[in-house]
Amino acid sequence: MAEPENQNLHSTPEPRPTARWKTFLRNHGITLVLLAAFAWFWFRPPATVTEENRPAPAWSVQASDGRALGSEQFKGKVVLINYWATWCPYCLKEMPVIEAFWQDHRAQGFEVLAVSVDDPPEKVAQYMKDHGYAFPAAPMDPSVYAAFGRADSIPTSFVLDAEGVIRHKIDGQVHYPRLEKLVLPLLHKARQP
């Protein structure tokens, strides 16, 4: 018995690419939307920066290592004051960035103070120790709220110049290039005679 020349005479034609996409989207559309929403929330634009240009009144905190830190101890330094919390995922993502930037630029006069908005001193100290962060951290103090204000969202950071003037407010997560853009010009200015 001879086989027909074309065995696909009675088979279903291959669907067109457009039809395949429609079927795929019909079957997996909700999953794709959820993945896109997750990616947007996880990798969303890190922050909004506003220019402040206002002097900070005197402030002080007791760091998790027991030191008293404040406007007097940071005089002549460019400082990042970072409001954060151990439960905040964006805070936890930015902490390694802050550590790296601080390690790279502290010899030039850059300092960091991470101020936990609601964790007790022991929890702040344990978190910093567990993650190997060397920059100072402290629980919130009323003088810090008075100097910088409350944050509408966490994380929120403030960049102070060497004269103690709040130059920038960063609402949201910081990243290394943004810190370079905001901090390095202030460090260069502070080193000029």
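The values are calculated or read from the model by the stated rules, or taken from the named source; none is laboratory data. No experiment lies behind these values; they were computed from the predicted model shown. Cβ sites come from the backbone with ideal geometry, for glycine too, and all protein chains shown count toward neighbours.
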Leading residue by the ranking (nearest to the chain's Cα centre (by Cα)) among those in the stretch 107-148 that are in contact (Cβ under 8 Å) with a residue 12 or more places away in the chain, assigned to a helix (DSSP H, G or I) and closer than 19 Å to Gly164 by Cα:
Phe148
Output the residues belonging to the stretch 97-106 that are in contact (Cβ under 8 Å) with a residue 60 or more places away in the chain and either out of contact with any strand residue (DSSP E or B) (no Cβ under 9 Å at 6 or more places or on another chain) or small (Gly, Ala, Ser) (or both).
Val97, Ala100
Residue tally, condition part of a loop (DSSP other than H, G, I, E, B) and under 16 Å from Ala151 (Cα atoms), over the stretch 67-87:
3
Within the stretch 138-164, which residues are out of contact with any Asp or Glu (no Cβ under 6 Å at 6 or more places or on another chain), within 23 Å of His175 (Cβ to Cβ) and β-branched (Val, Ile, Thr)?
Ile154, Val159
Considering only the stretch 59-77, state which residues are more than 23 Å from Arg167 (Cα to Cα) and crowded, with 19+ Cβ neighbours inside 10 Å.
Ala63, Ser64
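Listed here are the residues, each with its yes/no results for (1) farther than 21 Å from Thr48 by Cα; (2) assigned to a strand (DSSP E or B); (3) touching a helix residue (DSSP H, G or I) at 6+ places or on another chain (Cβ under 7 Å).
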{"position": "Val97", "(1), (2), (3)": "no, no, yes"}
{"position": "Lys169", "(1), (2), (3)": "no, yes, no"}
{"position": "Leu179", "(1), (2), (3)": "no, no, yes"}
{"position": "His188", "(1), (2), (3)": "yes, no, no"}
Can you tell me which of (1) over 23 Å from Ala68 (Cβ atoms); (2) in a helix (DSSP H, G or I); (3) modelled with pLDDT of 95 or more is the one Tyr90 doesn't meet?
(3)
Counting only residues in the stretch 124-145 that are among the charged types (D, E, K, R) and surrounded by fewer than 15 Cβ atoms within 10 Å (Cβ to Cβ), the one farthest from Ala107 (Cα to Cα) is identified as Asp130
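For (1) in the same structural domain as Glu51 (by TED's automatic domain parsing); (2) closer than 18 Å to Pro57 by Cα; (3) touching a strand residue (DSSP E or B) at 6+ places or on another chain (Cβ under 7 Å), each residue gets a yes or a no:
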residue	(1), (2), (3)
Lys123	yes, no, no
Gly132	yes, no, no
Phe135	yes, no, yes
Ile154	yes, no, yes
Glu163	yes, yes, no
Gly172	yes, no, yes
His175	yes, no, no
For the stretch 153-167, which residues satisfy the criterion of being surrounded by 17 or more Cβ atoms within 10 Å (Cβ to Cβ) and not in a strand (DSSP E or B)?
Ile154, Pro155, Asp161, Ala162, Gly164
Of the conditions (1) of a type outside the set (A, V, I, L, M); (2) under 16 Å from Lys77 (Cβ atoms); (3) at pLDDT below 95, Gly172 fails just one. Which one is it?
(2)
For Arg150, are the conditions met, namely being surrounded by fewer than 16 Cβ atoms within 10 Å (Cβ to Cβ), assigned by TED's automatic domain parsing to the domain that holds Ala85 and of a type in the set (Lys, Arg)?
yes
Taking the stretch 78-101 as the search range and keeping residues that are closer than 20 Å to Asp161 by Cα and either buried (at least 20 other Cβ atoms within 10 Å of the Cβ) or of a type in the set (S, T, N, Q) (or both), which one is farthest from the chain's Cα centre (by Cα)?
Val78
